[in-house]
Every structure is written in structure tokens, then in C-alpha cells.
Amino acid sequence: MLAIGEFSRLTHLSVRTLRRYHDADLLVPAVVDPFTGYRSYSPEQIPTAQVIHRLRELDVPLADVRRIVRSPDPGARADLVADHLQRLEAELDRTRAAVVSLRRLLRPELAPLPVELRTVAATTVAAVQGDVDLDDVLSWYSGAMAELDAAVTEPSGAPGGLYDNALFETGRGHVLVHRATPRPPQRGRVHPVELPAVELAVATHEGAHDDIDVTYGELGAWVVANALAVAGPVRESYLVGPRDTPEASVWRTEIGWPVFRVAAGRPGAAAT
């Protein structure tokens with residue numbers, strides 16, 4: 001048997017940590033003296049302690065560590081570890097995206113965002129629409145676009161979407177995704193919809209969508225600076241996206257805000 005101090009030195013787990021793991025029923029000593037309460041560990045527990053140490057370094061929750069350590073099935077243990085590693089990778093991706101956005105925002109002089117005022121005629125498209133929670137937009141969009149892909153045999157132009165202002169203001173709003181096609185079908189949730197004519201302030205977001213809110217902010221500032229007001233749901237056109245290539249650096253998303261003048265006089269049809 002190894003006294004708790006010896007076991008601590010061999011495993012690089014502090015005595016305090018070992019006591020906490022015992023209290024959590026995570027790493028139970030081989031022997032606990034019923035009179036003194038002294039804890040003793042067996043040499044066979046060293047690998048288990050090291051596994052626990054590595055898992056905690058990866059921020060695996062104690063409950064998950066307990067399941068991993070106690071599982072007799074190597075495959076089940078591997079699956080539990082893999083699930084946590086995927087969560088860590090997703091968190092790392094979010095952290096990297098936040099860093100990119102911060103660097104873009106904190107540059108001393110941001111390059112002016114090219115904005116175009118564009119008149120768009122009314123058009124009939126094949127569409128899927130519904131009221132969606134903001135947190136569910138990506139999964140809803142994927143399902144809706146899959147239905148459009150299956151129903152539209154002659155697509156023309158890039159896919160697009162209309163996003164109600166309430167989606168951003170309250171966390172739930174109306175969303176419509178669409179494909180242009182000469183003969184919009186009626187199939188399942190897919191049906192013809194006429195998009196009204198509109199004047200748009202249009203900017204292009206380049207790259208992954210993690211920091212698209214920065215482009216939204218720059219476009220909004222341009223709209224305000226040019227005495228325009230937003231009138232209606234924002235429109236997005238996915239010129240190049242994950243449906244086309246996994247290379248995020250080449251993705252291009254047009255953002256179009258329906259606008260109208262709120263003061264006399266406005267700049268020409270384009271600005272940089």
C-alpha cells in the first residue's frame with residue numbers, strides 16, 4: 001500500500017485533490033483506516049489516477065470522468081473521450097472565430113466597406129418559410145435547403161434567404177429561403193413565392209460566417225450615415241458558401257438591407 005503522500009508524488013495529484021476525488025467517489029483508496037481515516041492506495045491505481053489527471057486537464061466534467069473510468073468497455077470509453085474532444089474542438093473553433101472578429105474590429109483603421117444601392121425587381125421563386133428561433137436557424141436552413149434541392153430541378157442563380165427583423169430583435173422571427181427557377185414547383189413545404197420589388201443597400205461579406213455580424217454592423221453604419229432607414233426583412237444571397245466548397249476563405253455572402261430615404265438628398269448609387 002502507498003500512503004496518500006507517496007501516491008500524490010507518484011501521480012502528481014495533490015493530497016487535497018485526492019481527497020476531493022475520494023469524496024466524489026471518483027478515485028476511492030484501496031484502504032481507509034477505520035480508526036484514523038488515513039487513506040492508502042495500491043500501485044495498480046496509479047494508471048487510473050493518471051488517466052483521471054489527463055481527463056481533468058482536458059476539462060472533462062467529473063461525471064463524465066467517472067463514467068469513463070468505470071466503463072469496462074474500451075469502445076465505450078473511447079466514444080466518451082471522443083465526444084468530449086469534439087466539444088473542445090468546437091469551442092476552439094468558436095474561440096478562433098472570436099479572435100478573428102476582435103482583430104478585425106480593433107484594427108486602427110478599418111477599410112471602408114464597399115456598399116451598393118441596388119434596385120431589385122419583383123421575382124417569383126421556389127421557397128420554404130416558417131417561424132424559427134434564432135438558435136435553430138442553421139439547422140432549419142439546412143433542412144429547408146435540402147428540400148429545395150430535391151424539388152427544384154432547374155435552379156438559376158445563387159440561393160438566398162429573407163430574415164425578419166424580429167429574429168434578431170427578439171430571438172424568433174420569420175425566415176424564408178429560396179431558389180430562383182423558371183417554374184417554381186409545389187412540393188411538400190416548397191411552394192412559389194413572389195418576392196416584392198425592393199431597393200437594397202448591398203455589401204458582400206467575405207469568408208466564414210462566424211464574424212458576419214461585423215459586416216452587418218458596418219453596413220448598418222453606412223445606412224445610417226447616408227440618411228437611409230431599413231424597411232423590411234434583410235436579404236442574403238449565398239454566392240459561394242459551404243454548399244460549394246469547404247474552403248471558408250472563399251465564401252461570399254451578399255447582405256441586402258431594404259432601405260428608403262429618411263432625409264432629402266443621398267449619395268450616388270455606390271460608395272466605398
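The values are calculated or read from the model by the stated rules, or taken from the named source; none is laboratory data. The structure presented is a predicted model; accordingly, all values stated were derived computationally and were not measured. No Cβ is skipped: glycine too gets one built from the backbone with ideal geometry, and neighbour counts run over all protein chains shown.
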(message) All but one of (1) modelled with pLDDT of 85 or more; (2) more than 20 Å from the chain's Cα centre (by Cα) hold for TYR238; state the number of the condition that does not hold.
(response) (2)
(message) Of everything in region 174-195, what is of a type in the set (Gly, Ala, Ser) and in contact (Cβ under 8 Å) with a residue 60 or more places away in the chain? Give them in sequence order.
(response) none
(request) Exactly one condition in (1) loosely packed, with under 12 Cβ neighbours inside 10 Å; (2) in contact with a Gly (Cβ under 8 Å, 6 or more places away or on another chain) is not met by VAL15; state its number. (result) (1)
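Residues are listed down the side, and each one gets a yes or a no for (1) assigned to a helix (DSSP H, G or I); (2) exposed (fewer than 12 other Cβ atoms within 10 Å of the Cβ); (3) modelled with pLDDT of 80 or more:
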position: VAL69; (1), (2), (3): yes, no, yes
position: PRO72; (1), (2), (3): no, yes, no
position: ALA90; (1), (2), (3): yes, yes, no
position: THR95; (1), (2), (3): yes, yes, no
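Give me the strands (runs of 3 or more DSSP E) completely within region 162-272, filtered to those with at least 1 residues that are of a type outside the set (A, V, I, L, M), assigned by TED's automatic domain parsing to the domain that holds ASP136 and surrounded by 18 or more Cβ atoms within 10 Å (Cβ to Cβ), ordered by residue number.
Fully inside region 162-272 and qualifying: 172-180, 198-206, 234-240, 252-261.
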(request) Give me the pairs, please: first residue somewhere in region 116-135 and free of Cβ contacts under 8 Å to residues at least 40 places away in the same chain, second residue anywhere and part of a helix (DSSP H, G or I), beta-carbon distance under 6 Å, and either six or more positions apart or on two chains. (result) LEU134/LEU167
(request) Could you grab the pairs with beta carbons closer than 9 Å, sequence gap of 6+ or different chains, first residue in region 138-155 and surrounded by 12 or more Cβ atoms within 10 Å (Cβ to Cβ), second one acidic (Asp, Glu) and in a helix (DSSP H, G or I)? (result) PRO155/ASP149
(request) Considering each residue of region 34-61, count those that are surrounded by fewer than 11 Cβ atoms within 10 Å (Cβ to Cβ) and part of a strand (DSSP E or B), and give that number. (result) 0
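This table checks each residue for (1) part of a strand (DSSP E or B); (2) farther than 26 Å from GLU206 by Cβ; (3) in contact with a Gly (Cβ under 9 Å, 6 or more places away or on another chain).
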| residue | (1), (2), (3) |
| --- | --- |
| PRO112 | no, no, no |
| LEU117 | yes, no, yes |
| GLN129 | yes, yes, no |
| ASP135 | no, no, yes |
| ASP149 | no, no, no |
| THR153 | no, yes, no |
| ALA158 | yes, no, yes |
(message) Looking at region 55-79, I want the residues that are assigned by TED's automatic domain parsing to the domain that holds HIS12 and have a partner that is exposed (fewer than 14 other Cβ atoms within 10 Å of the Cβ) and outside any helix (DSSP H, G or I) with Cβ atoms under 6 Å, at least 6 apart or on another chain. Which pairs are those?
(response) LEU62/ALA24
